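The values are calculated or read from the model by the stated rules, or taken from the named source; none is laboratory data. No experiment lies behind these values; they were computed from the predicted model shown. All Cβ positions, even for glycine, are placed from backbone atoms using ideal geometry, and neighbour counts span all protein chains on display. Just the protein is used for accessible areas: all its heavy atoms, side chains included, with ligands, DNA and RNA removed. Shrake-Rupley method; radii C 1.70, N 1.55, O 1.52, S 1.80 Å.
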Amino acid sequence: MIALLPLSSEIDIGGHTTRTWMGHTFNIDTIISTLVAGAIVLLMGFAVRAAVTRKTEDHVPTKLQLIWEVVVGQVNKQVEDNLGRIHPFVAPLAISLFFFILICNWLELLPTQLNGDVHLLKAPTADTNLTYALAAVTMVSVWAYGIRQKGARGYFKHFLEPFPVLLPLNILEELVKPITLALRLFGNIFAGGIMLALIGLIPIAALWIPNLLWKSFDAAIGVIQAFIFALLAVLYFAMAGAGHDDHDEAHETAEDDKTPALSN
């Protein structure tokens, strides 16, 4: 709780509407906002699917289809640049993370705060419970991918590189990744919520100017943070499979070189 005595007002920082069930505390506002963001992403997905599969009489792609192709093309380029080739699940995961986090971040910009005590749609990414969950799901997927690509022995061997004495530091670095991934997203969105709360204490006559400027800036921050999270996820996948794809590509090239000789 931060008290601003000159304005005789109080703003609640980090407060949540909670319910307790079987000894566990649930942040109801975070759960509702997360469900709303998830529903919006699903509706966007169905809308894009309908637009992409729709056949027009002049065979000209729709605007939504063009936008989607640009987004997918950029993500595939990032995945290909970092992983060496397009993996069927990394690009969809990165796109899903980007849009879900983006919608979560932008919920804070909607005028859903009825009063100082009731805020219908807080940004769920301003709650560490969600950011830690997103980071945990991402890193578990990365570890599973690394083990699947290299095998358990090959994957865990990289903790001994370049020198076995670095084993504790390599393990610590791997454990810190989900924490930094979560706190980076949380810190930026949480700070944006604080600024909006502070701006709300300005007299109404002068409120619209700083409010408009900050919401525009906060919207850009929301895009950047969603992009950074998705990009880091792609980079972590690249690091987990480093060396394996190069071996596969060399093997495939060797097989291609042998094919003409066998056909002759």
* Give region 22-73 a look and list any residue that's under 24 Å from L107 (Cβ atoms), open to solvent by less than 60 Å² (accessible area, probe 1.4 Å) and not hydrophobic (A, V, I, L, M, F, W, C), or say none. => N27, D29, T30, S33, T34, G38, G45
* Which one is modelled with the lowest pLDDT among residues in region 11-39 that are in a loop (DSSP other than H, G, I, E, B) and out of contact with any helix residue (DSSP H, G or I) (no Cβ under 7 Å at 6 or more places or on another chain)? -> D12
* Asked: Restricting attention to region 81-107, which residues are at pLDDT below 80 and either within 15 Å of I224 (Cα to Cα) or surrounded by 14 or more Cβ atoms within 10 Å (Cβ to Cβ) (or both)?
  -> N82, L83, G84, H87
* May I ask you to list pairs of residues, at least six apart or on different chains, whose Cβ atoms are under 6 Å apart, with the first in region 71-90 being of a type in the set (G, A, S) and the second being at pLDDT below 80? => G84/D245
